[in-house]
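These notes concern the structure reproduced below.
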Amino acid sequence: DAMRAGDGFGASGANDASFEAERTATREAGKPFGIHAGEVDESDINPALDLEPDFLVHMVHPKPVHLDRVADSEIPIVVCPRSNLVTDVGLSPYEDLNERTTLALGTDNVMLNSPSMFREMEFLAKLSDLPAVEILRMATINGAEIADLEYGLLEPGREARLLVLDGDSDNLAGARDPVRAVVRRAGVDDVREVVYGTDADDE
């Protein structure tokens, strides 16, 4: 009943419990099932993959065999760089993971960090060699696709939900590469307007 009423289930990790019942319930309810894996070490990665989740979270410590399994199964991964820095578990092999599957950005836990995609993008840009356009995609399109939402991409027929940023703000004025500027410098103070589907229909 909880799975049918909720938006899905996020499991803490395969070393904490089996989560077979929860996985079955989410599958029957047609809701997403995600699970933390490889945050502290690699011991819970294979058991997590055995559950055939809709997405994994963290994957800081994958071995080559795990990377192969991820590529074969095409399971998306949500990486959480700021959380991993705070808990001192290391950093995910972002480039290796990005070559094998869809990556999205997450904040993991509001007790550790504010839920800000702007700050998450900035940190990832400074901690990895991923291009800015890919990091922006991780914070928008990829995350929306993993959560089965229409947001994140502007296309006819999709529901609109987008931020309009002030290009003349102190953070963004004079930027030669707007994508790079948004990823590395933008923040909530630069948001001029939030546009939803009903607003877009009127314009």
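The values are calculated or read from the model by the stated rules, or taken from the named source; none is laboratory data. Since this is a predicted model, take the numbers as computed values, not measurements. For neighbour counting, all protein chains shown are included, and Cβ atoms are generated from backbone atoms with ideal geometry for every residue, glycine included. Side chains included, ligands, DNA and RNA excluded: accessible areas come from the protein's heavy atoms. Shrake-Rupley method; radii C 1.70, N 1.55, O 1.52, S 1.80 Å.
With every protein chain left in place, what is the accessible area per residue of region 110-157 in square angstrom, probe 1.4 Å?
Numbers: 2790 Å² over 48 residues.
Heavy-atom SASA per residue in region 110-157 reads 58 Å².
Kirkwood hydrodynamic radius, region 33-106, all distinct C-alpha pairs: what's the number in Å? Numbers along the way, then the final one.
On the way: mean 1/r = 0.0848 Å⁻¹.
About 11.8 Å, per the Kirkwood formula over Cα pairs.
What's log10 of I(q)/I(0) for the chain at q = 0.12 Å⁻¹, Debye sum over Cα points only, no solvent?
Here the Debye-derived log intensity ratios amount to -0.66.
How many percent of the accessible area of region 1-88 is carbon or sulfur, using a 1.4 Å probe?
Values: 2030 of 4300 Å².
For region 1-88, the apolar C and S fraction of the accessible surface comes to 47 percent.
What does the net charge come to around Asp170 if you take all other residues with beta carbon closer than 10 Å to its beta carbon, with K and R at +1 and D and E at -1? Please report the intermediate quantities before stating the final value.
Values: positive: Arg185; negative: Asp166, Asp168, Asp189, Asp190.
Once positives and negatives cancel, what remains is -3.
Hey, what's region 1-106 come to in accessible area per residue, 1.4 Å probe, Å²? All intermediate terms of the calculation are to be shown ahead of the outcome.
On the way: 4970 Å² over 106 residues.
Counting only protein heavy atoms, the per-residue value for region 1-106 is 47 Å².
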